[in-house]
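The structure appears below as structure tokens.
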Amino acid sequence: MSKSTQRIKTIAKKEVVEFVRDWRTIVAIIIIPILMFPVLFILFPVLLESEAAELDNKIVNIEIQSNQYPMHLIESFNESYTKLTYVNATFNDSLSLPSTDLDRVRDMEIDAILRLNYTDDIWYYSVIHLSTSESSTEAKNRIISSLIKFENNITELRISEGGLEVDSTLDPLRWDGDMSKADVATEGEQAGLILSLFIPLVLAIWTFSSAIQPSIDMTAGERERGTLEALLGLPCTRNELLLGKWLGVATITGVGVLLQIVGLLFAIGYLASSDFIGIPALSIGAIILIIISIMLFAVMVVALELALAMRSHSVKEAGSILGPAIILIIFPALFTQVINLDGIESFWFSIPVINILLALRELLLDRVIIEHVAIWFVSSVLYASLAAYYAAKQFRREDIVTTLS
Amino acid sequence: MAVDNILLKISSVRKNFNEVIALDNVSFDIKSGEVVGLVGSNGAGKTTLLRLMSGVYRPSSGSVTLGDDTPVHLMRDHLGVVPESTGLYSRLTAWENIRYHSRLYGIDDSVSWKRTLKFAQSLDMEENLSRYTKGFSRGMRQKTALLRALAHGPKVLLLDEPTAGLDITSARTVRSLVEQIKLEGGTVVYSTHQLFEAQQVCDRIIIIHNGNVMADGSPKQLINDNGCETLEEAYVMLTQEKARVRFEDSISDRGLTKIWNKLFRPKTPSLQLNQDVMEDE
């Protein structure tokens, strides 16, 4: 191993060791990435389910105002936890106008009011409710659900009375056989499609965000603490210093991103059946290109963050620059999700950030289109080189030795 | 290159930071085995000069060379530097700090450990080598930084205010170590603004003021040449011109930051107004 390689390795190793000795770092780079998606995808639905169950068991007060009370409708209400009151009424105005009932619903004296008016074989109805109240919304939903059943009954009855067969009249167009068998995409390709929707997004945002803290700590942090001056007096060159620090940040970020993807796949695997998400069918070429694209993205992002942090005089200043800079990744990442890959114009593969995200999406679908690969590879190498050059320029500056204190 | 007869040469060095001239036409040689004191007030240019000697800065003009006229930044293996801030990593132990630098010098761990132990005894630091530097006092930090600078066996040791902020005992220990290095034939450049200390430790004193070398010689020579009774008198005589403020912090403000800082500079009452107020009182 050459002296230079040895020095780069020494710098990177020290950066990683020093960084992980802080327990907060372990939480930030291991615990949070692993738990984030499982918590979001597993606990959140559980919470939603329990809230929904609570609402299902809630007794709601519904008032029915009508000139007639159809039996089918009343029976369907009895199936749920509902307290019904009946008021005989005739209506001259629109049923949707709350008029004297406005305050009663707003004050939650009653959860919802169903108004029915039967005229010329048509049931006219409205539901007076308070959309900002969960009880009122639940009452409205139960009313609508009962009304749908009631409407189906009337429809079926009228079809029968007209001498028609109910089933064929209501459902004259039907899919024959197992719908999933008609899809010619393989399971692996389908898995690739699902993964391509979020892996590039997670990769881009998490790579950028998880590199912020170590980048700042290893540059502006060192500058602020005065450790950089001692380091600059050593025989290692500024480029070796940059490479060592880059390697340190990339290792920490890489571990974080990898763990987050593991957490994400676990959450999806837990939530869905195994045929919802399987192993994407990728060729060796696509896998190699995925690795290359991620590497190029990491070179660019980490070098850029190191450069911006090194330009800063203090940790505070670096944080106020790099924090908002995440928008530069989030917007393109979200934008890329809606770009249609079929017949996509080649120029998209030359735009910074977007090029790598689109490349990942294509490659996860196992689409290796030489023209696209050539464009994103050349443009990414160019952007990564520019970022590395900019970082090297910042590291060569003389004033990085000075501190605010 | 053989560096047995190391001679640090500072030849017509000028160092600018944008429009500010930090050092102007500075020239002197440092012979092997000498302990040289750089004395001057805050902002005189001592730290800039030490950074030039350690290769952290490059001269705007002139040269700083080591041995056979090789630019000093190419000979950093032969230098040991203790910056004013000490520059220790708080999440590493004292020994890990020392080992990290030694490895970057390309020195085997066993070699640097032996040298560290040798000097740690003099500094009474053996027990602290395995401790994290986070809770270290200023004196312990300074001693660790010294051990770190010595672990690779440098030919020249550059110390930037090594006793600043130290208690009497620690300062004395540091000075004793410098004397030990001197006895062993080492070369030391020692920056300080304490005349008493410079007189006690150094063979030769270079007085720097506002970026210029005002005097260069042994303490006795400086006193005699200026017709004074004490070194302090000689120093005051040589540095009569008002000392400038420290300038380095302002050099990095550029572009929008510079404009922004100008716009929002806090207002300070004028000196004239202050005098009026004092007279009224």
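Flag: B:Y89 does not match the condition of being within 7 Å of chain A (Cβ to nearest Cβ), farther than 17 Å from A:R225 by Cα and assigned to a loop (DSSP other than H, G, I, E, B).
Can you name every residue in region A:368-405 that is within 36 Å of the chain's Cα centre (by Cα) and of a type in the set (G, A, S)? Scanning region A:368-405 gives A:A374, A:S379, A:S380, A:A384, A:S385, A:A387, A:A388, A:A391, A:A392. Only residues that are of a type in the set (G, A, S) and in contact with a Phe, Trp or Tyr (Cβ under 6 Å, 6 or more places away or on another chain) were counted across region B:22-68, and they come to 1.
Out of everything in region A:214-241 that is surrounded by fewer than 24 Cβ atoms within 10 Å (Cβ to Cβ) and polar (S, T, N, Q), what residue ends up being farthest from the other protein chains (Cβ to nearest Cβ)? Per the criteria, the residue is A:N239. Exactly one residue out of A:L84, A:L97, A:L102 is under 14 Å from A:A139 (Cβ atoms) and surrounded by fewer than 17 Cβ atoms within 10 Å (Cβ to Cβ): that is A:L84. Looking only at residues in region B:55-86 that are among the hydroxyl-bearing types (S, T, Y) and in a loop (DSSP other than H, G, I, E, B), the one that is farthest from the other protein chains (Cβ to nearest Cβ) is B:S60. Residue count for region B:106-129, restricted to those that are of a type outside the set (A, V, I, L, M, F, W, C) and buried (at least 22 other Cβ atoms within 10 Å of the Cβ): 2. Evaluating A:T155 against the criteria (1) assigned to a loop (DSSP other than H, G, I, E, B); (2) without any contact (Cβ under 8 Å) to a residue 40 or more places away in the chain leaves one unmet condition, (1). If you go through region A:22-49 and pick out every residue that is crowded, with 16+ Cβ neighbours inside 10 Å, within 30 Å of B:R103 (Cβ to Cβ) and not β-branched (V, I, T), you end up with 1. Kindly check whether there is at least one residue in region A:207-216 that is touching a Pro at 6+ places or on another chain (Cβ under 9 Å), assigned to a helix (DSSP H, G or I) and at pLDDT 90 or above. No, because not a single residue in region A:207-216 is touching a Pro at 6+ places or on another chain (Cβ under 9 Å), assigned to a helix (DSSP H, G or I) and at pLDDT 90 or above.
The values are calculated or read from the model by the stated rules, or taken from the named source; none is laboratory data. Small disclaimer: the values here were computed from a predicted structure and weren't measured. Counting neighbours? That spans all protein chains shown, and the Cβs are built from the backbone with ideal geometry, glycine included.
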